[in-house]
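Q: Supplied in structure tokens, the structure appears directly below.
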Amino acid sequence: MNAELKKLFQTLQLRQFAPVYLIDGEEPYYLDMITSYFENEVLTPAERDFNLLIMYGKDSEWMDVVNACRRFPMFAEKQVVILKDAAQLKGGGNDIKGLNSLLAYIENPTPTTIFVIEHPYKKADGTTRFVKRIKDKGVRFTSEKVKDEKLPEWIMEHGDSIGFQIGQQEAQILASYLGGDLQKIANEINKARINVPNEKKLTIEIIHKYIGISKEYNIFDFPAALTGNDTDKFYKMFAYFLANTKAAPMPLMIGSFYTHFNRLYIANCERGKPEKDLAAAMGMSPWFVKSILSALNNWPLPRVEKCLLLLAKYNTMAVGINSTAGDKELLKEMVGQMLEA
């Protein structure tokens with residue numbers, strides 16, 4: 001949540017209401033959050049029966065909206081009028097179109113009305129007198145799309161907000177597989193949180209088990225396939241990732257391998273300890289420990305150490321240090337050397 005949005009919610013929670021709010025922009029996640037607050041938190045349940053009016057631009061005439069805003073509240077200090085999909089509002093005559101028809105009301109808003117104008121998926125034209133007057137008389141909040149490179153940071157912040165720690169690697173995996181739909185990302189993380197209420201951290205295993213990722217092969221299965229006994233599955237996955245390097249960029253692939261081999265390293269060093277203690281040491285849920293232990297016979301400590309050194313080497317090469325090779329070539333070389341380790 002950015003500073004501007006935090007400030008808006010702070011004023012709302014202090015019940016310092018402006019007469020008019022324009023919430024617009026390309027990212028609907030925050031617009032829905034703000035609209036939901038006005039719908040559910042400003043008025044009591046009893047007050048909402050008479051003093052909450054939700055209108056839709058495509059179904060409303062501009063004069064109906066003005067008349068609703070001019071009405072006085074019943075048995076309450078304030079009424080809330082929300083105009084959704086405001087860009088579709090039908091305008092008045094004399095070439096006055098849409099939202100500009102509301103300018104006279106914006107110039108002189110009713111003090112007992114909280115008027116919320118929701119303009120989703122697109123910014124309102126900031127050069128119009130209508131928008132300029134709203135900024136003078138009330139509040140404008142524009143919801144910007146989160147850039148791809150900022151998605152992992154947003155995911156980690158969302159996890160913190162619900163008490164669910166999300167590491168950088170896990171955040172990058174979610175960003176890679178779920179894309180930039182913030183509502184979808186939040187829903188998937190919340191779903192996982194509900195399924196593991198006692199877990200403090202979102203692990204790769206939890207992502208794998210509870211978050212819907214529709215890829216036939218995914219990045220957190222691949223390291224386990226390499227160290228497992230199902231060679232047919234491994235070579236199918238290897239061929240898939242060589243042909244689809246965009247599905248798992250090399251830095252992300254290396255991160256997934258590092259997590260897996262680090263756990264093999266810990267399991268080798270802590271042989272004989274109870275599975276619950278091993279799970280705590282490896283940072284994973286107890287029910288996934290057996291998959292790590294089953295690989296120890298073929299992946300003893302010296303072999304695991306060689307692979308960790310290989311990962312350090314290819315991590316620098318993946319960012320262009322001492323190498324100009326692409327992801328496909330690097331992946332082929334790295335996996336080949338791991339198999340021979």
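The values are calculated or read from the model by the stated rules, or taken from the named source; none is laboratory data. Keep in mind the model is a prediction, meaning the values are calculated, not measured. Neighbour counts run over all protein chains shown; Cβ positions are idealised from the backbone, glycine included. Areas reflect the complete protein model, heavy atoms only, side chains present, ligands, DNA and RNA absent. Shrake-Rupley method; radii C 1.70, N 1.55, O 1.52, S 1.80 Å.
Q: Assuming 0.36 nm per residue, please report the length gained on full extension of the stretch Asn198 to Asp64 beyond their Cα-Cα distance. Please report the intermediate quantities before stating the final value.
A: Working: separation 134, 0.36 × 134 = 48.24 nm, distance 5.05 nm.
My answer for the length gained is 43.2 nm.
Q: For the chain, modelled as a Gaussian network with Cα springs under 10 Å, which listed residue fluctuates most, Asp160, Asp24, Asp230?
A: Asp230
Q: OK, next. Could you state, as a whole-number percent, how many of the C-alpha pairs of region 153-198 are farther apart than 11 Å? Before the final figure, lay out the partial values.
A: Numbers: 657 of 1035 pairs.
Roughly 63 percent, rounded to a whole number.
Q: For region 160-230, what's the radius of gyration and Dmax over Cα atoms, in angstrom?
A: In order Rg, Dmax, the Cα atoms of region 160-230 give 12.5, 40 Å.
Q: Tell me, what % of the accessible area of the chain is carbon and sulfur with a 1.4 angstrom probe? Present the calculation step by step, with values, prior to reporting the outcome.
A: Numbers: 8780 of 17530 Å².
Accessible surface attributable to carbon and sulfur in the chain totals 50 percent.
Q: If one computes the Cα centroid of region 46-65 and of region 171-242, what distance in Å separates the two points?
A: 43 Å
Q: Something else: Write down the percent of antiparallel bridges among all DSSP beta bridges whose residues are both part of the chain, to the nearest 5.
A: On the way: 1 of 24 bridges.
Percentage antiparallel, nearest 5: 5.
Q: So, one more: With everything on Cα atoms, drop me the angle between helix 168-178 and the longest principal axis of the chain, reported from 0 to 90° to the nearest 10.
A: 70 degrees
Q: Let me ask you something else. For Leu14 and Glu39 in the same chain, what is the full-extension length gain: residue separation times 0.36 nm, less their Cα-Cα distance, in nm? Don't skip to the end; give the middle numbers.
A: Working: separation 25, 0.36 × 25 = 9.00 nm, distance 1.63 nm.
So the extension gain works out to 7.4 nm.
Q: Next up: List the residues whose amide H sits under 5 Å from the amide H of Ser143, counting only those 5 or more places along or on another chain, with H placed 1.01 Å from N in the peptide plane.
A: Hits under the 5 Å cutoff: Asp24, Gly25, Glu26, Glu27.
Q: Right, here's the next one. What are the GluC sites (Glu not before Pro) within region 157-266 that DSSP puts in a loop, where the Cβ has at most 16 other Cβ atoms within 10 Å?
A: Working: sites: Glu157, Glu170, Glu188, Glu199, Glu205, Glu216; in loops: Glu199, Glu216.
Answer by residue number: Glu199, Glu216.
Q: For the residue pair Asp32 and Tyr240, what label-to-label distance in nm results when each label sits 7 Å from Cα along the Cα-to-beta-carbon direction?
A: 2.9 nm
Q: What percent of all Cα-Cα pairs in region 112-187 falls into each 5 Å bin, going from 0 up to the bin containing the maximum distance?
A: Per 5 Å bin, starting at 0, the Cα pair percentages come out as 3, 13, 20, 16, 10, 11, 13, 9, 5, 0.
Q: Could I ask something else about it? Rounded to two decimal places and with Rh computed the Kirkwood way over Cα pairs, what is Rg over Rh for the chain? It would help to have the intermediate numbers written out before the result.
A: On the way: Rg = 27.1 Å, Rh = 23.7 Å.
So for the chain, dividing Rg by the Kirkwood Rh gives 1.14.
Q: Between beta-carbons, use under 13 Å as the cut-off and find the net charge around Ser143, counting Lys and Arg +1, Asp and Glu -1. Each step should come with its number before you reach the end.
A: Numbers: positive: Lys122, Lys123, Arg140, Lys145; negative: Glu4, Asp24, Glu26, Glu27, Asp32, Glu118, Glu144.
Spelling it out: positives minus negatives among the neighbours equals -3.
Q: Shifting gears a bit: Within region 265-341, report the GluC sites (Glu not before Pro) that DSSP leaves as loop and that have at most 16 other Cβ atoms within 10 Å.
A: The qualifying sites are Glu270.
Q: Related question: Extending each Cα 7 Å along its Cβ direction at Asp136 and Phe72, get the distance between those two points in nm, one decimal.
A: So the label points at Asp136 and Phe72 sit 2.8 nm apart.
Q: Suppose we look only past 26 Å in the calculated P(r) of region 174-298. What percent of the Cα-Cα pairs does that tail hold? Don't skip to the end; give the middle numbers.
A: Values: 1963 of 7750 pairs.
Above the 26 Å cut-off, region 174-298 has 25 percent of its Cα pairs.
Q: Enter the angle in degrees (range 0 to 90, nearest 10) between the Cα long axis of helix 3-13 and the first principal axis of the Cα atoms of the chain, meaning the one along which they spread out most.
A: So the inclination is approximately 50 degrees.
Q: Wrap a convex hull around the Cα atoms of region 1-89, take a quarter of its surface area, and give that in square nanometres. Could the numbers behind the result be given before it?
A: Working: hull surface 24.4 nm².
It is 6.1 nm².
Q: Here's something else I'd like to know. What whole-number value in cubic angstrom gives the convex hull volume per residue for the C-alpha atoms of region 55-211? Don't skip to the end; give the middle numbers.
A: Numbers: hull volume 25.6 nm³, N = 157.
Hull volume normalised by residue count: 163 Å³.
Q: Full-extension gain between Arg129 and Glu329, please, as 0.36 nm times their residue separation minus the C-alpha to C-alpha distance.
A: Values: separation 200, 0.36 × 200 = 72.00 nm, distance 5.69 nm.
Full extension of this stretch gives 66.3 nm more.
Q: While we're on this one: Kindly report the accessible area of the chain per residue (heavy atoms of protein chains, probe 1.4 Å, no ligands, DNA or RNA), in Å². Could the numbers behind the result be given before it?
A: On the way: 17530 Å² over 341 residues.
Ligands and nucleic acids excluded, the result is 51 Å² per residue.
Q: Same structure, new question: Counting only pairs 8 or more places apart or on different chains, how many lysine pairs in region 58-129 have C-alpha atoms closer than 20 Å?
A: So the count of such lysine pairs works out to 12.
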